[in-house]
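This report concerns only the one structure given below.
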């Protein structure tokens, strides 16, 4: 089963910026991944302010957000950032 990758986009002060991808862990289902995305979004909103949007890869690619991409191919680089 292929899980839909989820990404967090911060909306703050009229700006939107790519934050991170939610890491897929062994044994994840789409429901557990969705739940972890919700929890992570809430934690990051409290820490950094603004509103964290949860988006699929397709939604990120269609948006106006400057996401991490390969400089030669333009393809999205799936990057998970940790915020300790």
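If I model a spin label as a point 7 Å beyond the Cα along the Cα-Cβ vector, how far apart are those points for residue 51 and residue 36 in nm?
Computed distance between label sites residue 51 and residue 36 equals 2.6 nm.
Would you calculate, for the chain, the mean residue ellipticity at 222 nm contributed by helices, counting each DSSP H stretch of 4 or more residues as -39,500 (n - 2.57) and dividing by all residues, to the nearest 500?
-9500 deg cm²/dmol
Which order do the peptides 64-73, 27-36 come out in when sorted by mean C-beta neighbours inside 10 angstrom, highest first?
Ranking, from highest mean packing down: 27-36, 64-73.
Would you mind listing how long the chain runs along its three principal axes, going by Cα atoms, in whole Å with the largest first?
Principal extents (largest minus smallest coordinate, Cα): 35, 35, 23 Å.
Which number do you get for Rg(Cα) / (2.2 N^0.38 Å) in segment 27-68?
1.30
Every read-out reported here was derived from the displayed coordinates using simple, explicitly stated rules and does not represent laboratory data. Small disclaimer: the values here were computed from a predicted structure and weren't measured. Every residue, glycine as well, gets a Cβ built from its backbone with ideal geometry; the counts of neighbours run over all protein chains shown.
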